[in-house]
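Data block below; observations after.
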C-alpha cells in the first residue's frame, strides 16, 4: 500500500495534553515565564500588565485556541504566545482609538479601517520603555552598547564589530545582563 | 571601516531589544534562576513565596479577586429599586 504524506507536517498536542503539560511546568520555568512576561509587558497599551498577558496566554492554552507543536518546550510555546499578544493588544487598542476619533471628528456611523502604522501613543511608549531599559543598564557601558546594537537589529558579530567589543567582553556582558534581567523579573513590584 | 548604522523606528527598536532580552532569559539555566531567587531571599518551597506573586496568586489584589464585579454591575442599583417601589 502506498503511504500518502500527511497534510499537516507538524503534530500538535491535544488541548488536554497541553493543559497537563502546563500544570507540570517546573518552578524555575514558571519564574522564567514571569521574567519573560515582564519583559514583553514593557510598552504595552495603558492599563495592561504582565499578569494580564501571562494569564491570557494560559487561558488560550486551556481553551485550546493555541495548539502546542509536539517537542516544543512549554516555556518556548508560552513565550511565542506572549510575543503575539503584545502586538495583538496594540492593534486592538489602536483600532478602538482610531474608530473613536473618526466618529468624533466626522460624526459618521461607518467604521473606517484602522491604520496599520503604529500610532503616536505606541511611539511615545516605545521611547519611554527604551529609556527605562537603558537606565537599567546605565552602570554598564558595554551593556549599553549591546542594547544599542540590538535595537538596530544587529547580530552578535555585527555588534562586536561595530561597537568594538571582543567576544570575551561580549559574552561576559551578556552574563551580567542576564543577572540584571532575572533580578528585575523576579523582584516584586512596589505599587 | 565602520558599518553603516540604520535608522530604526522606536517601536521596531523596542521590539528588537525585547526579543533579544527574552532570548537571553530562555538561555538562562535553572541554577541561575534558583540562585537569583535565593539572592532575593525568596523561599521557593513556600507556594506563597514572593517569587510566585502574579503566578499562583495576584501580585496586587483587585476588587474582582474577591467579589463578582461583573454580575454585580448587571444588577439594578438599590437606589433605582427603592425609587420604583415608591412610585
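Answer with yes or no whether residue A:164 is surrounded by fewer than 16 Cβ atoms within 10 Å (Cβ to Cβ), at the interface with chain B (Cβ under 10 Å from one of its Cβ atoms) and farther than 30 Å from residue B:49 by Cα.
Spelling it out, residue A:164 is indeed surrounded by fewer than 16 Cβ atoms within 10 Å (Cβ to Cβ), at the interface with chain B (Cβ under 10 Å from one of its Cβ atoms) and farther than 30 Å from residue B:49 by Cα.
Would you confirm whether or not the stretch B:64-81 contains a residue that is assigned to a loop (DSSP other than H, G, I, E, B), surrounded by 10 or more Cβ atoms within 10 Å (Cβ to Cβ) and modelled with pLDDT of 85 or more?
Checking the stretch B:64-81: not a single residue is assigned to a loop (DSSP other than H, G, I, E, B), surrounded by 10 or more Cβ atoms within 10 Å (Cβ to Cβ) and modelled with pLDDT of 85 or more.
Tell me, yes or no, whether the stretch A:125-138 has at least one residue that is assigned by TED's automatic domain parsing to the domain that holds residue A:38, modelled with pLDDT of 80 or more and within 30 Å of residue A:187 (Cβ to Cβ).
Within the stretch A:125-138, not a single residue is assigned by TED's automatic domain parsing to the domain that holds residue A:38, modelled with pLDDT of 80 or more and within 30 Å of residue A:187 (Cβ to Cβ).
Out of the residues in the stretch A:119-135 that are surrounded by 18 or more Cβ atoms within 10 Å (Cβ to Cβ) and touching a helix residue (DSSP H, G or I) at 6+ places or on another chain (Cβ under 7 Å), which is farthest from the other protein chains (Cβ to nearest Cβ)?
It comes out as A:119.
How many residues, within the stretch A:137-158, are facing chain B (nearest Cβ under 10 Å), crowded, with 16+ Cβ neighbours inside 10 Å and not in a loop (DSSP other than H, G, I, E, B)?
Residues in the stretch A:137-158 being facing chain B (nearest Cβ under 10 Å), crowded, with 16+ Cβ neighbours inside 10 Å and not in a loop (DSSP other than H, G, I, E, B): 7 in total.
The values are calculated or read from the model by the stated rules, or taken from the named source; none is laboratory data. This is a predicted model, so every value here is computed, not measured. Glycine also receives a Cβ, built like all others from the backbone with ideal geometry; neighbour counts cover every protein chain displayed.
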